[in-house]
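Let me begin by presenting the structure, written as structure tokens, before commenting on it.
The values are calculated or read from the model by the stated rules, or taken from the named source; none is laboratory data. Not measured: the values here are computed from a predicted model. Cβ placement follows ideal geometry from the backbone for every residue including glycine, while neighbour counts extend to all protein chains displayed.
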Amino acid sequence: MSIIRKDKKEWEKDILGARPAAKEQEECPLTLLANKYKTDKGTNRGANNGYTYTYEYYFNNFKDKKIKFLEIGLNNGGPEHGSNKIDRKIEDYPSIRMWHEYFSKGEIWGFDVNELKDPIDKSLNRFHFFQGDQGSEDSLKDFNDTVNKKYGNNVQFDIIIDDGSHAFYHQQLSFTRLSGLVKPGGYYVIEDIHWQPDKRRLVKGKLAEGEKPVYDSGQLPRTVNTKFLIKQIVGDPKKNNPGAPNSIFNKFKKLRPEFADDFINNMKNFIWEDPNPSGKCPRPQRLIILQRSKE
Ligand SMILES: C[S@@+](CC[C@H](N)C(=O)[O-])C[C@H]1O[C@@H](n2cnc3c(N)ncnc32)[C@H](O)[C@@H]1O
């Protein structure tokens with residue numbers, strides 16, 4: 001298979017073409033904040049995903065409420081880019097800064113496998129950090145225990161965003177063990193479903209000879225594509241025929257019997273929402289927005 005490289009001009013045209021005009025950005029407060037703090041959820045950094053246009057639409061109502069919010073994944077450059085160690089100290093947390101300012105009364109939780117570099121910014125006085133691995137049953141249980149202990153049993157979150165390693169296995173285990181925390185009417189979001197940590201994506205020079213990256217697809221437990229799986233459960237079951245013996249649904253049950261039933265049962269509480277309701281998000285195909293049914 002050959003890789004076709006676009007020349008720089010063509011690539012810039014793609015990116016700029018996908019970038020909304022300055023006036024649109026001005027009209028979207030969350031995009032302005034994303035750009036101020038330089039997270040790629042906005043339109044001036046890295047992949048310029050512009051997810052903020054979608055988030056502004058769904059989350060605007062939560063803005064000045066006392067919500068509980070969790071994001072998995074705090075800063076680019078983590079072990080998903082090919083390190084064989086989990087030894088990075090996170091120096092900044094752009095999306096946490098953005099959420100902290102946007103949700104002016106919200107409790108903002110950040111969950112990351114890497115620790116934070118001292119001193120943690122004290123001006124973020126509603127920010128709580130939890131160090132854990134989203135691929136570990138123990139860490140996910142610890143997180144549940146920690147928030148239950150802090151807020152009382154059966155604590156509920158308004159919004160959870162998974163912007164962690166993006167590995168399918170991690171996305172699926174995290175949803176299984178964290179989605180029960182989402183309150184009716186709240187949201188569970190999975191970002192960057194087009195991207196997998198894989199040795200072909202490694203940042204050059206990070207590994208010495210013979211070392212293996214922590215999240216190479218060959219090292220993580222095998223599973224199916226997250227988007228196709230969710231589509232079969234809450235998308236259009238007739239079209240996707242989940243009952244067929246070789247369906248993604250059945251493959252998932254065979255590959256991950258230890259949590260497949262929990263994943264499927266939890267997913268049935270959610271509704272698949274339009275990832276581009278405003279029509280302004282440049283890359284909606286990279287996003288899964290799930291809303292918990294209002295029981
Ligand atoms: C894409 S970056 C997050 C970007 C940030 N949310 C933003 O918008 O600027 C991914 C983050 O996921 C974290 N991560 C990678 N693997 C993880 C794991 N197994 N558990 C928890 N966090 C993980 C990385 O350390 C990194 O900070």
Exercise. Could you please give the count of residues in region 275-287 that are within 15 Å of the chain's Cα centre (by Cα) and either among the charged types (D, E, K, R) or closer than 11 Å to His194 by Cα (or both)?
Key: 5
Practice problem: Check whether at least one residue in region 117-133 is over 22 Å from Lys63 (Cβ atoms), surrounded by 13 or more Cβ atoms within 10 Å (Cβ to Cβ), in contact with a Phe, Trp or Tyr (Cβ under 7 Å, 6 or more places away or on another chain) and modelled with pLDDT of 95 or more, and report yes or no. | Solution: yes
Practice problem: Note down all Cβ pairs under 6 Å where the first residue falls in region 123-141 and is under 20 Å from Lys89 (Cβ atoms), the second is within 14 Å of the ligand (Cβ to nearest atom) and part of a loop (DSSP other than H, G, I, E, B), and they're at least six residues apart or on different chains. | Solution: Asp133/Val113; Gln134/Gly164; Ser139/Gly132; Ser139/Asp133
Practice problem: For residues that are among the small types (Gly, Ala, Ser) and crowded, with 23+ Cβ neighbours inside 10 Å, scanning just region 50-81, find the one that is farthest from the ligand (Cβ to nearest atom). | Solution: Gly50
Self-check item: Pick from region 161-196, criterion near the ligand (Cβ under 10 Å from one of its atoms) and within 21 Å of Leu255 (Cα to Cα), ranking: surrounded by the fewest Cβ atoms within 10 Å (Cβ to Cβ)
Solution: Trp195
Quiz item: Looking at region 85-115, which of its residues are within 13 Å of the ligand (Cβ to nearest atom), of a type in the set (S, T, N, Q) and surrounded by fewer than 22 Cβ atoms within 10 Å (Cβ to Cβ)?
Solution: Asn114
Quiz item: Under 8 Å by Cβ, and 6 or more places apart or on different chains, what pairs join a residue from region 246-275 that is assigned to a strand (DSSP E or B) with one that is among the aromatic types (Phe, Trp, Tyr)?
Solution: Phe270/Tyr188; Glu273/Tyr58; Glu273/Tyr187
